[in-house]
Amino acid sequence: MTERISFESAQTKALDVARTRLLVGGALLAAAFLVVGVRLVDVTIFSDTGPSRQASARSIAVEKRMDRADILDRNGVLLATSLKTASLYGNPTLIVDPKAAARALVGVLPELSEAEVTQKLSSKGEFIWLRRHITPRQQYEVNRLGFPGFQFREEERRVYPLGSLAAHVVGFTGDDNDGLTGIESSFEETLTQRHEDVTLSLDIRVQQILHRELSAQIEKFSAIGGSGIVFDVRTGEVISLVSLPNFDPHEKRKKNTEEAKNARFNRTTLGVYELGSVFKIFNHAIALETGAAKLNSIYDARKPIRAHGFTISDFHAEKRWLTVPEIFTYSSNIGSAKMALDFGTAVQRKFLTDLGLMRRSSIELPEQARPLFPAQWTDLSTMTISYGHGISVSPLHAVTAVAAVVNGGILLPATLIRRDEPPRGERVISAQTSEAMRKLLRLVVENGTGRNADAPGYLVGGKTGTAEKPGKGGYKRKALISSFIGVFPMNAPRYVVMAQLDEPKGIKESYGYATGGWTAAPVVGKVISQVAPLLGLAPIDEGAPDIQRALEINVAASRARGRGIATD
Amino acid sequence: MKRPATLILFALAVIAGGVLFTIAFEVSTLEDRLSVLNEQITEDRDAIHVLRAEWGYLNQPERLDGLSQRYLELQPLDGSQLSDIAALPARPTPAPSTDPAPTNTPSATTSPAIVALSETESPSVETPIAAALAAKPKLKPAAPRRPSRHVRLASQNTSPKATSGAASSDKEALDAALRAIFGNSARNSGDASR
């Protein structure tokens, strides 16, 4: 019995072992199947990322993006885009007779030199550029030659539909489609890495008007160049920026002559100039802000100031005591210098720094220059800087600062990118000073040196500036930089319009004068009268009592109004 | 018992195979079509891109300036041409009219376009615009009564300017033109709907 039992138990043992093994094996298999099952459910039902993305990529044509995104103006007008073009290359291994092939090719593309092509086609290797960016017609004709050694590669080419109109702002790209100047260069990453279109603050209609008027004036006064800016005083946006002569961005690097370099030079941001009397805007603002002078203060402008061997005199000397508004409207250097001495060097320096006239501009262009100012700021510097000599800033610097003076005293960083809401600026002068300055600026156009800038209904205000260009050992009397900075409408400023001419020559119509009031001011007036309706500004009844009251100057204004002559 | 089951299974297998084949065939046709369409889309996109650039090129302000100076008698907008609603004088009360009250039917809304057509005497480019302007208020469902009045006013305003004097004879001419164009249907449809 025991034996049998033991036998049985041995059998059972073996069975048990087998069963356990089976169970373990089965469990493993079951677990494996479970994993597969779970994964199956996961993949088919829950997870819709991987496979379905693949499916959708296959079902919809993926938008093939160009390597560089577009550049647009504020209204969406195309300023720069990329197009596919064919580029011709040769495969010398497939060319049997380089000479014949070269002759045939030059027959189709006459701008190529036969010898050069022959030499290229005789070289070793399988790839050599023959001509990049050819037209579809040329491509067809090359294909018709029937040489297997001529092949094409699709390339991208930057196209600027508006040509030279905004060339200084938009810039251009090099042969390998990399931005070399302007927005093309400063927004390289946005355009190529993120593929985002760049919308500028420029309005191409305004740009065209400014360009047209400025070039007409340059021709009229035989100037060697000029520049102009339209600037929104509420947002800091640059609405238009023109620098003449300009260039065709498609022909950028063809020639590297002096002339081509001069055309590529951006006068509005890269050029720094002594702007002359335009600086009296800042001088007066500082004097009124610090209380060094009031509107009814008077200064002795009877005789020129002599200091450190220099003589400061007036262009159109009144030779009498002048009130602060008169110093502004007659553009008296003597009066301005005396006002500057009243508040002193340190104050002048601080305010000019606050107004952004001592540092680089915030504009998004690589082509920009730092202002030039004296390292040793003496009393003489203070006096000359008061009327805009001895300090050189770019026109954009001046425009940005003038916008701060008239918009209530807030300095807004200048930008070329459309802003949908105004940025937070820094207060540089008080609202009261700003209001007084608006009145003074209006007075200049109403009765002073800037009358040629008037545009009926738009309450233009502004300041002329005429500076002699520095030359060897002093200033050149005949080479002038004539500017006008205008603001409109003066009761509630919206835009600053600046025009500047480089070396205008006096003509009969201007009685031989080539000053800012005769050359640059008319440009501003014409531009404002055409641009204001486009920008949605309705004309104002200038005689309306509330407008008159808003721009009235209590002190001495009547006296200034009574006379009103002066050229600059 | 065994044979029918085998037969059924065999039939099912054949059907399944056939269906599979058809579907596979269909899918491959669709995929071919898809790739053709994708290619077309890409081509069209490229073409649109090129056309946009060309549109920009043709719209160069300088070029438009030249064209407008050569072909149009338009001048740059002047500030004095702008005004706002508040500056307009009050609307004069419409003179009592002997005509039956204006209806809201097509006859009332289409007539100004015809007025413009017949009174300018030459079929000018402006006519479609005038028609569009006249038709536009009709699209507004909120105020169904008002459009007809606007339109009537518009036609009243334009007629004295263009006819200048011989109003009655022109009116007859207009009626004749209307009859000629619509064969009385314009008038009739207006009456019928009322």
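None of the figures in this text is laboratory data; all of them are computed from the coordinates on show. All of these numbers come straight from a predicted model, not from anything done at the bench. A quick note on method: Cβ atoms are made from the backbone with ideal geometry, for glycine too, and the neighbour counts reach across all protein chains shown.
Under 16 Å Cα to Cα from A:LYS13, which aspartates and glutamates show up? Leave out anything in the same chain fewer than 8 places away.
Partners found: A:GLU3.
Could you work out how far the C-alpha centroid of the stretch A:440-461 sits from that of the stretch A:270-336, in angstrom?
First find each Cα centre; the distance between them is then 19 Å.
Could you check the spin-label model distance between A:GLN376 and B:ALA86? Points 7 Å from the Cα along Cα→Cβ, value in nm.
For A:GLN376 paired with B:ALA86, the spin-label model returns 6.1 nm.
Just tell me which aspartates and glutamates come within less than 12 Å, Cα to Cα, of A:LYS319; anything on the same chain fewer than 8 places away is out.
Leaving aside aspartates and glutamates fewer than 8 places away in the same chain, those within reach of A:LYS319 are A:ASP300.
Simple spin-label model, 7 Å along Cα-to-Cβ: B:ASP46 to A:VAL41 in nm?
With each label placed 7 Å out from Cα toward Cβ, I get 4.9 nm.
Could you sort out which of A:LYS220/A:LYS472; A:LYS303/A:LYS478; A:LYS478/A:LYS508 sit more than 21 Å apart by Cα distance in this structure? Could you put the intermediate results ahead of the total?
Working: A:LYS220/A:LYS472 28 Å; A:LYS303/A:LYS478 24 Å; A:LYS478/A:LYS508 16 Å.
Violating the 21 Å limit, Cα to Cα: A:LYS220/A:LYS472; A:LYS303/A:LYS478.
Quickly estimate the mean residue ellipticity at 222 nm for chain A, helices only: each DSSP H run with n ≥ 4 gives -39500 (n - 2.57), and the total goes over all residues, rounded to 500. Please report the intermediate quantities before stating the final value.
Numbers: 19 runs with 226 residues, N = 568.
Value at 222 nm, helices only, nearest 500: -12500 deg cm²/dmol.
Report, in degrees rounded to the nearest 10, the 0 to 90 angle that the Cα long axis of helix A:136-145 makes with the longest principal axis of chain A.
In chain A, helix A:136-145 runs at an angle near 50 degrees to the longest axis.
Averaging sequence separations of C-alpha pairs under 8 Å and six or more residues apart, then dividing by the length of chain A, give the relative contact order as a whole percent.
It rounds to 13 percent for chain A.
For the pair B:ASP32 and A:THR257, what calculated FRET efficiency results from E = 1/(1 + (r/R0)^6), where r is the Cβ-Cβ distance and R0 = 56 Å, to the nearest 0.05? Working shown, then result.
Working: r = 57 Å, r/R0 = 1.01.
The calculated FRET efficiency here is 0.50.
As I understand it, the value is the acute angle between the Cα axis of helix A:516-534 and the longest principal axis of the Cα atoms of chain A; what does it come to in degrees, rounded to 10?
It works out to around 50 degrees.
Give the aspartates and glutamates reachable from A:LYS505 as a straight Cα distance under 16 Å; neighbours fewer than 8 places away on the same chain don't count.
Partners within reach: A:GLU219, A:GLU468, A:ASP568.
Could you work out the per residue convex hull volume over the alpha carbons of chain A, in cubic angstrom? Walk me through the numbers on the way to the answer.
Numbers: hull volume 180.3 nm³, N = 568.
Dividing the Cα hull volume of chain A by its residues yields 317 Å³.
Within the stretch A:386-456, report the trypsin sites (Lys or Arg not before Pro) that DSSP leaves as loop and that have at most 10 other Cβ atoms within 10 Å.
A:ARG424
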